[in-house]
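K.L.:
Below is the structure I would like to discuss, written out as structure tokens.
The values are calculated or read from the model by the stated rules, or taken from the named source; none is laboratory data. Predicted model, so just to flag it, every value in this text is computed and none were measured. So basically every Cβ, Gly included, is an ideal-geometry build from the backbone, and we count neighbours across all protein chains shown. Heavy atoms of the whole protein, side chains included, go into the accessibility calculation; ligands, DNA and RNA do not. Shrake-Rupley method; radii C 1.70, N 1.55, O 1.52, S 1.80 Å.
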Amino acid sequence: MEAPCTTLPASDEAIARAAERLHDGGLVAFPTETVYGLGADARNDDAVARIFAAKDRPSFNPLIVHVADLDAAGTYGAVNDLARMLAERFWPGPLSIVLPRLPDSGLSLLVSAGLDTVALRAPAHPLAQDLLTRFGGPIAAPSANRAGEVSPTAATHVLESLGNAPDLIIDGGHCTVGLESTVIDLCDERPAILRHGAVTREQLEEQLGAVDDASIPESGAAPRSPGQIARHYAPAIPIRINVTDPRPDEAFVAFGVPGTNNAAVELNLSPSGEVIEAAARLFATLRELDRPEFTGIAVAPVPDIGIGRAINDRLRRAAAAHAD
Ligand code: TXA
Ligand code: MG
């Protein structure tokens, strides 16, 4: 029988135990400002393999390696001028940077899923930073959910999704950003966004000039990021997006001033119509409404600006998961 997973409230003692578990090849779920991560020592093949098993994640989908800062990132990836500029502006924070992987990085090959690149991120959450400092090494961490489910923004979501798979969960309350990090690829001449997130395209373009949007692969083309496969981020019941008139048997996710409608139940992402607040609530709201008593979840239109673009990206993928 698997040993039961322990959830510990945030404390120095919890961080120390988590660092020990990582040293021993264990799996530790921890909060970041975006979503909870399922962490393992990124240099340990067995530990990284356990992440793929726990999530039931396809082995072609690489993991983000978390580091304390730019210096540490330079141990694993070939940091170029653009990467330095972005890290100085946005790290620690919700930005993952894909760089050529150094041949002597010492990282498990599994982390990169066979690619010769690595995604690096210095998270801003104080508990994630404490854990990185205490552990003193790179932490591979995808979102702490089973593949295909929405990412966890609270410790209880991790337990619901992964059960006893993590050896330890550090409970740091709700994640403030609520959506996964922006992923930018700096390996080619032209920077390309692989996934939209809290660091917006506008912010990236201020630093870099024009940036390609490679977040939606052209039809027929191989995705630049293996995580772009559409079947992702999906609740179990169907989702309809850009809905203004929900059906009586649907749960409705409103944005801004509530309309009059006949939905079975209504939750509002942001009564004041703010996209940042809506992002922080999105995944918890979808989880709460993902119940068989509803025929589906209908979501009101969300403006496609700033982090709203990341919200719409996740919603489109959730809707697409049920379209085939
Ligand atoms: O906010 C986040 O990024 C969270 C927290 C825990 O840091 N992590 C997260 O990891 O969302 P995950 O594994 O759920 O998503 C990582 C994404 C995937 O879409 C993956 O395909 C992409 O990053 N990725 C990772 N390494 C890559 C690489 N070398 N090249 C291209 N894409 C990569
Ligand atoms: Mg994920």
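K.L.:
Is it true that some residue in the range 91-102 is without any contact (Cβ under 8 Å) to a residue 24 or more places away in the chain and assigned by TED's automatic domain parsing to the domain that holds HIS174?
P.N.:
There is no residue in the range 91-102 that is without any contact (Cβ under 8 Å) to a residue 24 or more places away in the chain and assigned by TED's automatic domain parsing to the domain that holds HIS174.
K.L.:
Looking at the structure I just gave you, is LEU179 within 15 Å of ligand 2 (Cβ to nearest atom), under 21 Å from ASN312 (Cα atoms) and modelled with pLDDT of 95 or more?
P.N.:
yes
K.L.:
Something else: Kindly indicate whether any position in the range 81-91 is assigned to a helix (DSSP H, G or I), over 20 Å from the mean Cα position of the chain (by Cα) and more than 19 Å from PRO191 (Cβ to Cβ).
P.N.:
Checking the range 81-91: not a single residue is assigned to a helix (DSSP H, G or I), over 20 Å from the mean Cα position of the chain (by Cα) and more than 19 Å from PRO191 (Cβ to Cβ).
K.L.:
Run LEU110 past the list (1) more than 10 Å from ligand 1 (Cβ to nearest atom); (2) in a loop (DSSP other than H, G, I, E, B) and report the number of the one that doesn't hold.
P.N.:
(2)
K.L.:
Considering only the range 113-204, give the strands (runs of 3 or more DSSP E) lying wholly within it that have at least 1 residues that are open to solvent by less than 10 Å² (accessible area, probe 1.4 Å), in contact with a Gly (Cβ under 6 Å, 6 or more places away or on another chain) and under 21 Å from GLU13 (Cα atoms).
P.N.:
Result: empty, no element qualifies.
K.L.:
Say whether the condition of being at pLDDT 95 or above, among the hydrophobic types (A, V, I, L, M, F, W, C) and in a strand (DSSP E or B) is met by at least one residue in the range 276-291.
P.N.:
No, that holds for no residue.
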